[in-house]
1. Excluding Gly205 itself, what net charge comes from residues whose Cβ is under 14 Å from its Cβ, given Lys and Arg +1 and Asp and Glu -1?
2. Under the rule of -39500 (n - 2.57) per DSSP H run of 4 or more residues, summed and divided by the residues of the chain, what mean residue ellipticity at 222 nm is obtained, to the nearest 500 deg cm²/dmol?
3. Net charge near His193, counting Lys/Arg +1 and Asp/Glu -1 over other residues with Cβ under 13 Å of its Cβ?
4. What is the set of long-range amide H partners of Leu77 at a cut-off below 5 Å, with H atoms built 1.01 Å from backbone N?
5. What ³J(HN,Hα) values, in whole Hz, does the Karplus curve 6.51 cos²θ - 1.76 cosθ + 1.60 give for the stretch 222-237 when θ = phi - 60°, with x put for Gly and Pro?
6. Under 8 Å for C-alpha pairs, at least 6 residues apart: give me the relative contact order for the stretch 1-154, rounded to a whole percent.
7. Which ³J(HN,Hα) values in Hz, rounded to whole numbers, follow from the phi angles of the stretch 109-116 under the Karplus curve 6.51 cos²θ - 1.76 cosθ + 1.60, where θ = phi - 60° and Gly and Pro get x?
8. Considering only the other residues whose Cβ falls under 9 Å of the Cβ of Arg165, what net charge follows from Lys and Arg at +1 and Asp and Glu at -1?
Amino acid sequence: MTPEALEAAITGHPAWGGFFRQPREGYTFPALGTCQVHGAEDAGALAPLGIQVGGGGGEGNLVVLAGGQGGHHLRILFGGRKNCIAVIGGEGVLAGQVSFEGDDHLLVFNGRDTCHVNMTFRARHGALFFGKGATSNAADFLVEGPRRCIILGDDGMVAYRVSLRTSDSHGIISLDDPTAALNPPASVVLEPHVWIAKDAVVSRGVRVGRGAIIAMNTIVTADVAPCTLVGGVPMRVLRERVTWTRASQPGEAEIRAAIAAAAPD
C-alpha cells in the first residue's frame, strides 16, 4: 500500500463521519511518507520495537509505523478479525493493550511521551484518533461501532483512570417500544488542548470544547463549551473563560502560549 493510498484509507474511514474530509487545524496526523507497513503476521519485525502481536490475524490487518520509533510496551490483539489498522507515529511511546474485537477498525496515534492506554474496539467500523502532542496516563478507551469514533485533538491531556466511551456496553430499552435501544453508540470528540483529570468519565455522544477542563471524578454526559471548567456529579459549570497549562506553576510565557492554544482566534 502506497503512502497516498494509506492516507486516503485513514482520513476517509467511515467511522469519522466525514470529520477529516478536509485537513483540520488542531488534529494532526502522523507523517506517512516514510512509514513502515507490517502485516499482523510480521511479529518478528515488531517484537524488537516493543510491539507484541497476538490473537491470530485475519486478512488486511496492519501495523503502520510512521517514524520507525521503538521502545513501546504494547500488545495488539487482532482476535482473528480482519482489516484492522494501527498507525503509530509521533514522538511518543505506547504502553498497554489494543484489542480489536471486530472488523474494519482504525487506531491513529500521534502522541508524545509514554502514553499508558487500554483501547478496545468492538462491533465494526470504529476509529480512534490520538492527536499530536497528546498524552495519556492509564486511560481506558472503548470504541464501539458501527461507524463511531473517539477523537482526541492535539495537545490533549488524559489523566489516570479516565474512561472515554462511545457505548454504555449494555442496552437500555423502553417497555413501550421494542424496536430499538434508547442508548445507541455515539461518537466522542475532544477538541484540541483539553484536560481530562483523574477518574473522570466521558460518556457516549459528548463533545468537549477547545481548551476545556474536566475536573476529577466528573461524569460528563453533555457537551462542554470551550475554555470552561466543569466538575461534579451531576456535572455543572464551575468557571468560564479559563484554560490550563501542563506546569503546575507556569511562567508568563507558558500562560500566554496556553491561551493562544485554547483561543487561537
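1. On the way: positive: Arg147, Arg148, Arg165, Arg204, Arg207; negative: Glu144, Asp168, Asp223.
Net charge in that neighbourhood comes out at +2.
2. Details: 3 runs with 24 residues, N = 265.
Dividing the helical sum by the residues of the chain leaves -2500 deg cm²/dmol.
3. Combined, the nearby Lys, Arg, Asp and Glu give -2.
4. Gly54, Val98, Ser99, Phe100
5. Each residue's phi maps through the Karplus curve to give 9, 4, 10, 6, x, 6, 10, 9, 10, x, x, 9, x, 5, 9, 6 Hz.
6. For the stretch 1-154, the relative contact order is 20 percent.
7. The phi angles translate into 10, 9, x, 10, 6, 8, 9, 8 Hz.
8. Neighbourhood net charge equals -2.
Any read-out appearing in this document is the output of simple, stated calculations on the displayed coordinates, not a laboratory observation. Please read these numbers as outputs of a predicted model, since none were measured by experiment. All Cβ positions, glycine included, derive from the backbone under ideal geometry; neighbour counts span all protein chains shown.
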